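Presented below is the structure to which this report refers.
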C-alpha cells in the first residue's frame, strides 16, 4: 500500500471515464493506457472501424475532486480528440442518462440468460454468495478474536466489543474527513493512515475499559463484570450518538473496481478491489496474531496467564500488564473491524454495534471461545450460514437463523468446535 501511494490514477475515476467511451465512440475499442494530472484523467484507446483499420484516440475527464474529497467521482468536464470539449448540455446528458443508468454502464455479453435456471447459473450464484460470506466472515472473525482474547485470559466476556467497533468506524469517518480537508490525494496512503487511527482509537478505549471496569471487578465472584459491560455498551452507544449525531455517516466508495471471477448464462461472479484488500488485510492480521502469540514474549506471558495467572505471577510475569495489553490488542482488532465495515459497506450508525457484537460473540462461541483459531473459524462459518440463509431463504429471518444456530451449538457442542471441553471431577462416593 505504501508503494501504491507514490502515485497513479484513481481507479474509480478511470472506470467512470472509461464508461464514457462507448457513448462517444460506438466503434469497437480497446483501452491502451491512462495517466492522471491533478483532478483530470486521460485515457488512450484504440478503435477499429468497419474496414478493420485501427486508429488511436484519447479522452480526458475532469472531476470535482480527488483523493477522499467529496464528489470526487462527479465528472465536471469531458474532452476528446474527435469532438473537443463537450458542451454543458451534452455533459449533463451523459451524467444523467448514461452514467446514471445501469443499462448504460453494463455491456452485453456473448450469452443470453436462459429462461430457466441452469446448474451452472446456480453454481455461479453460490460462488458469489461465498465471496460475500468471506468478507463478512472477516468482520465477525476480527471481533470474535477480541472476545476470545479477553475471555481466554480472565474468563470474562466483554459485551462492549461491538460498540468499540463502531468507535473505530467513526474514527475512520473522521479520519477520511480530515484527510479530505488536508487534500491527501494518495488513496492507499490515506487509507493506511485511517486504518492506523482506527486501530489506535480502539486500543485506547480497550485500555481505559480494562483499567476502569475490569481491573476493579476482576476477582468478583458474582456476575458484576458482565453486567458492567452491558452498561458500558450503552454508555459507548450514547456517547457516539451525542458526540457524532444520530444520523448515519457515509463515505464515498474507494477501490470499488470490479474483477470478474466467472461468468455464464447471464450471471457474473465479481470481486471488488476493496474485498480483495480486506481479505489480504485480515489474512495478514491473523498471521501476525499467530506469530505474536506463539513466538513473542508477550504471547508466552499471555498463554501462561490464561493457564494459571497465580503461577505465572510466581514465575515473574507481570499479570496486570499482560492483561492490559491483551485488552488493548483485542480492542485494536475491534477498531480495525469498524474500519473494514465502513470501507466495505460505506455507511455506519451509532446503533449498529449492538447486534454486530452479539453476532461476533456467537461466532466466538461456535468456534470455541478462548481459542483464536476457533474465533476465525466461527466467524467464517457464521457468515456463511447467514449469507446462505439470506441468499436462498427469507432475508427477514436471517438474524433468527443466526441465533438459532447459537442455541444448537450450545446444546450439542457447548465448548465450540475448537474449544476445550471442561471435564468435571468425579463425584466422591
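The values are calculated or read from the model by the stated rules, or taken from the named source; none is laboratory data. Here the structure is a predicted model, which means the values were calculated and not measured. Because the Cβ atoms are built from the backbone with ideal geometry, glycine has one as well, and the counts that use them run over all protein chains shown.
The residue that is surrounded by the most Cβ atoms within 10 Å (Cβ to Cβ), among those in segment 34-54 that are out of contact with any helix residue (DSSP H, G or I) (no Cβ under 7 Å at 6 or more places or on another chain), modelled with pLDDT under 80 and within 20 Å of residue 75 (Cβ to Cβ), is 39.
Quick check on residue 350: is it buried (at least 23 other Cβ atoms within 10 Å of the Cβ) and either part of a loop (DSSP other than H, G, I, E, B) or without any contact (Cβ under 8 Å) to a residue 24 or more places away in the chain (or both)?
Numbers: buried (at least 23 other Cβ atoms within 10 Å of the Cβ): yes; either part of a loop (DSSP other than H, G, I, E, B) or without any contact (Cβ under 8 Å) to a residue 24 or more places away in the chain (or both): yes.
Spelling it out, residue 350 is indeed buried (at least 23 other Cβ atoms within 10 Å of the Cβ) and either part of a loop (DSSP other than H, G, I, E, B) or without any contact (Cβ under 8 Å) to a residue 24 or more places away in the chain (or both).
Within segment 120-169, the residues that satisfy the criterion of being crowded, with 24+ Cβ neighbours inside 10 Å and touching a strand residue (DSSP E or B) at 6+ places or on another chain (Cβ under 7 Å) are 166, 169. Within segment 220-234, being assigned to a helix (DSSP H, G or I) and surrounded by fewer than 15 Cβ atoms within 10 Å (Cβ to Cβ) holds for 224, 226, 227, 230, 231, 234.
Filter segment 60-76 for residues that are part of a strand (DSSP E or B) and closer than 16 Å to residue 98 by Cα and give the result.
Of segment 60-76, the ones part of a strand (DSSP E or B) are 60-63, 75-76.
Across segment 60-76, the qualifying residues are 61, 75, 76.
With respect to (1) closer than 30 Å to residue 72 by Cβ; (2) free of Cβ contacts under 8 Å to residues at least 60 places away in the same chain, the lone exception for residue 221 is condition (1). Checked against the criterion of being assigned by TED's automatic domain parsing to the domain that holds residue 218, more than 28 Å from the chain's Cα centre (by Cα), closer than 20 Å to residue 326 by Cβ and loosely packed, with under 13 Cβ neighbours inside 10 Å, the candidates 300, 310 yield just one match: 310. When residue 207 is tested against the conditions (1) under 24 Å from the mean Cα position of the chain (by Cα); (2) surrounded by fewer than 17 Cβ atoms within 10 Å (Cβ to Cβ); (3) within 30 Å of residue 11 (Cα to Cα); (4) touching a residue at least 24 places away in the same chain (Cβ under 8 Å), the lone failure is (3). In the set (1) more than 33 Å from the chain's Cα centre (by Cα); (2) outside any strand (DSSP E or B), the condition left unmet by residue 79 is number (2). Counting the residues of segment 290-347 that are outside any helix (DSSP H, G or I) and farther than 24 Å from residue 165 by Cβ gives 6.
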